[in-house]
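What follows is one structure encoded as structure tokens, with my remarks underneath.
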Amino acid sequence: MSFLASINKKKILIVGAGLAGATIARILSENNFKIKVIEKRHHIAGNIYDFININNERIHKYGPHLLHCNKNSKALKFLSRFTNWIKYEHRVRALLSDGRTTPLPINKLTLEDVYSKKFLNEKEVKDFLDNIRNTKIIPKNTDEFFEANVGNKLADLFFRPYTEKMWGTSPKNLSTSVGSRLPIRTNDDDRYFNDDFQALPKDGYTKMIANMLNHKNIDLSLNTNFKSQMISEFDQSFLCIPIDKFYNFKFGILPYRSIIFEERKENSINLPSPVINFTDKSPYTRKTQWDLLPNSKKSSENFKTITYERPCSMNENPGEYYYPVQTIESKKIYEKYNKLSKLEKKITFCGRSGLYKYIDMIPAVTIHQKIAYDFLKNCN
């Protein structure tokens with residue numbers, strides 16, 4: 001029997017029909033593996049799932065997802081096989097205590113709003129930031145990262161309350177990797193991202209994932225829970241599931257934050273940007289007006305759908321794993337699970353909960369392309 005013929009007989013299990021699982025499924029299916037994809041939810045696309053509601057608005061069920069990357073990205077080239085794009089540069093504004101809104105990330109315009117002064121050029125902005133930030137500390141946690149980069153006033157106004165309600169713990173308990181996701185600009189560029197490619201899928205993320213899973217070698221089952229005995233039925237399993245749960249929490253529970261999404265019908269005028277962040281101590285972190293996104297139609301009714309996001313514990317929203325809480329202790333726990341998983345011959349952990357890492361969309365594709373191609377190499 002030829003090597004290729006033996007590969008054709010190999011059966012692969014992929015648990016999770018989100019972006020990570022779909023990326024692996026597509027690559028391996030095109031290399032003649034027989035793929036079984038199971039998904040516990042009633043829909044594909046994981047947390048990037050979107051749909052058209054009765055008002056013709058395209059809703060991202062699990063919060064807004066915005067694709068941004070280098071235009072030469074290999075991951076983008078891969079995804080572009082399965083969707084056309086609508087160019088879109090995302091903007092976010094923060095609600096201030098006096099009812100005004102101001103751009104996020106912090107830039108020249110934000111500083112002018114907060115400090116009621118004008119800056120003539122970027123050098124003046126840089127000098128001002130250098131004067132208010134604490135340049136004497138080497139950050140060991142997110143709280144110190146804020147102080148070192150924007151000073152205490154801006155940290156208290158925009159970041160500390162937001163971070164605490166988002167993560168359910170003080171920024172002092174979070175690694176600097178959490179704070180480092182927040183850029184600071186010295187110009188008046190009010191785009192949320194500055195990548196040279198920013199877009200939304202023309203027909204939505206769900207359609208894009210459906211196209212990825214549309215292959216003769218892929219068999220998909222929704223509303224299907226993973227059971228450990230399934231592994232014995234396949235030659236290799238790629239598991240987008242919580243790694244600590246798989247090992248029966250042997251080394252302890254890895255902490256996550258979840259999100260409650262509250263959809264409201266509002267008769268208000270358009271928001272000043274599609275997303276408004278609540279940086280105060282209110283329970284919500286942001287709200288999104290969906291018909292302001294270019295791949296959504298305008299609401300066909302007098303009201304608009306606005307989604308409010310409220311972070312919560314896993315106890316309040318069981319089974320909905322959104323944000324791994326990266327603390328010094330949780331990283332130690334994960335490394336124990338990761339070390340144990342390396343001993344597995346027929347199992348690879350994937351996705352946000354399998355790798356215990358918050359992953360943006362393009363990095364998610366890149367990481368799981370590598371996982372798939374490494375597996376193919378090892379088959380040789």
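Values quoted throughout were computed directly from the atomic coordinates according to the rules given, and no laboratory measurement underlies them. In this text, all values refer to a predicted model and were calculated from it rather than measured experimentally. All Cβ positions, glycine included, derive from the backbone under ideal geometry; neighbour counts span all protein chains shown.
For the reader, a short list of remarks on this structure follows.
- Considering only Gly252, Asn214, Asn173, the residue lying farthest towards the positive end of the dipole of the range 129-263 is Gly252, judged by Cα position with unit charges set on Cβ.
- The per residue volume of the convex hull around the alpha-carbon atoms of the range 92-179 is 98 Å³.
- In this structure, Leu109 and Lys342 have a Cβ-Cβ separation that, at R0 = 56 Å, corresponds to a calculated FRET efficiency of about 0.70.
- Total charge dipole magnitude, the chain, about the Cα centre, Cβ charges on Lys, Arg, Asp, Glu only, Debye to nearest 20: 1160 debye
- Percentage relative contact order, the range 92-179, counting C-alpha pairs under 8 Å, at least six apart: 20 percent
- Value at 222 nm in deg cm²/dmol, rounded to 500, when DSSP H runs of n ≥ 4 in the chain each add -39,500 (n - 2.57): -9000 deg cm²/dmol
- Whichever lysines have a C-alpha closer than 17 Å to that of Lys108, once near sequence neighbours (fewer than 8 apart) are set aside: Lys117, Lys118, Lys123, Lys126, Lys153
- For the cross-link pairs Lys245/Lys332; Lys250/Lys336; Lys140/Lys339, the ones whose C-alpha atoms lie over 19 Å apart are Lys140/Lys339.
- Candidates Asn107, Asn214, Asn225, ranked by Gaussian network fluctuation over the chain, Cα under 10 Å, top entry: Asn225
- Centroid-to-centroid separation of the range 277-349 and the range 214-250 [C-alpha atoms, Å]: 22 Å
- In this rough spin-label picture, where each label sits 7 Å from Cα along the Cβ direction, the Asn84-Lys377 distance is 3.7 nm.
- With R₀ set to 35 Å, the beta-carbon distance separating Lys332 from His43 gives a calculated FRET efficiency near 0.50.
- Sorted ascending by nearby beta carbons within 10 Å, beginning with the fewest, Glu309, Glu329 become Glu329, Glu309.
- Net charge of the neighbourhood of Ile48, taken over other residues with C-beta under 14 Å away and scored Lys/Arg +1, Asp/Glu -1, is +1.
- Centre separation in Å (Cα based) which lies between the range 85-150 and the range 152-188: 11 Å
- Counting only DSSP beta bridges with both residues in the chain, the antiparallel share comes to about 60 percent.
- Rounded D (µm²/s) - the range 188-335, Kirkwood Rh over Cα pairs, Stokes-Einstein at 37 °C, 0.692 mPa s: 167 µm²/s
- Largest GNM mean-square fluctuation among Ser353, Ser237, Ser282, using the chain with Cα springs under 10 Å: Ser282.
- Note on Lys227: aspartates and glutamates with a C-alpha under 20 Å away, same-chain residues under 8 apart excluded, are Glu39, Asp219, Asp235, Asp244, Glu320, Glu344.
- Dipole size of the range 92-179 about its Cα centre, with +1 on Lys/Arg Cβ and -1 on Asp/Glu Cβ: approximately 40 debye, rounded to the nearest 20.
- Highest GNM mean-square fluctuation among Ile35, Ile328, Ile241, for the chain modelled with Cα contacts below 10 Å: Ile328.
- Computed from point charges on the beta carbon alone (+1 for Lys and Arg, -1 for Asp and Glu), the dipole magnitude for the range 108-255 about its Cα centre is near 300 Debye.
- Relative contact order of the chain, pairs being alpha-carbon contacts under 8 Å that are 6 or more residues apart, as %: 26 percent
- Under 15 Å, Cβ to Cβ, from Ala75 - net charge with Lys/Arg +1 and Asp/Glu -1: +3
- Residues Met212, Met361, Met230, sorted so that the one with the fewest Cβ neighbours within 10 Å comes first: Met230, Met361, Met212
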